Amino acid sequence: MLSIAIFSDQDEDVAILKSAIQDFLIANKIMAKLSHFQKGADMILVPTRYDIYIMDMDSVEDTIALGKTMMDIDAGSRFIYISQDTTKAYSVFKLHADYFFENPID
């Protein structure tokens, strides 16, 4: 089963993102577990490994530093960053993340 971790302190954005992901999973008949984290420390402490991490760069915490930590902990996972500020894309690709999407995601 696919496991997806979403990091964001923006509850409205998370609700929209979860809905879009669930619609995709249902349409493609994919079973997945979605987990939401509002604090980086909570994500680091959870012993579960995730296949995909979705990091909201518009959160209060430094998602680049958190992503580096999670990449060390969970090597082999995919990292997706989202932000309203497209100028942040450079730092995401410098980090060697897999994708950058502009927020809001339709």
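Thr86 meets each of the listed conditions (1) of a type in the set (Val, Ile, Thr); (2) modelled with pLDDT of 90 or more; (3) more than 13 Å from the chain's Cα centre (by Cα) apart from (2). Report yes if Val14 is on the phi < 0 side of the Ramachandran plot, β-branched (Val, Ile, Thr) and either in contact with a strand residue (DSSP E or B) (Cβ under 6 Å, 6 or more places away or on another chain) or crowded, with 16+ Cβ neighbours inside 10 Å (or both), otherwise no. Yes.
Out of all the residues in region 63-106, which are in contact with a helix residue (DSSP H, G or I) (Cβ under 7 Å, 6 or more places away or on another chain) and polar (S, T, N, Q)? Thr69, Ser91, Asn103, listed by residue number.
Of the set (1) farther than 22 Å from Met1 by Cα; (2) at pLDDT below 85; (3) open to solvent by 50 Å² or more (accessible area, probe 1.4 Å), all apply to Pro47 but (1). Looking only at region 20-42, decide whether some residue is open to solvent by less than 30 Å² (accessible area, probe 1.4 Å) and within 12 Å of Tyr81 (Cα to Cα). Scanning region 20-42 turns up no residue that is open to solvent by less than 30 Å² (accessible area, probe 1.4 Å) and within 12 Å of Tyr81 (Cα to Cα). Scanning region 41-62 for residues that are touching a residue at least 40 places away in the same chain (Cβ under 8 Å), over 13 Å from Gln10 (Cα atoms), of a type outside the set (A, V, I, L, M, F, W, C) and out of contact with any helix residue (DSSP H, G or I) (no Cβ under 7 Å at 6 or more places or on another chain) yields Thr48, Arg49, Tyr50, Asp51.
Summed over region 1-49, the residues that are of a type in the set (S, T, N, Q) and either within 17 Å of Asp62 (Cα to Cα) or assigned to a loop (DSSP other than H, G, I, E, B) (or both) give a count of 5. Regarding Ser77, is this residue at pLDDT 90 or above and of a type in the set (S, T, N, Q)? Taking the combined requirement at face value, the residue satisfies it.
Looking only at region 50-84, which residues are out of contact with any Phe, Trp or Tyr (no Cβ under 9 Å at 6 or more places or on another chain), open to solvent by less than 60 Å² (accessible area, probe 1.4 Å) and either under 12 Å from Ile4 (Cα atoms) or assigned to a loop (DSSP other than H, G, I, E, B) (or both)? Passing the criteria: Tyr50, Asp58.
The values are calculated or read from the model by the stated rules, or taken from the named source; none is laboratory data. Note that this is a predicted model, so its numbers are computed, not measured. Cβ coordinates were reconstructed from backbone atoms using ideal geometry, including for glycine residues, and neighbour counts include every protein chain displayed. We work out accessible area using only protein heavy atoms, side chains counted, and drop any ligands, DNA or RNA first. Shrake-Rupley method; radii C 1.70, N 1.55, O 1.52, S 1.80 Å.
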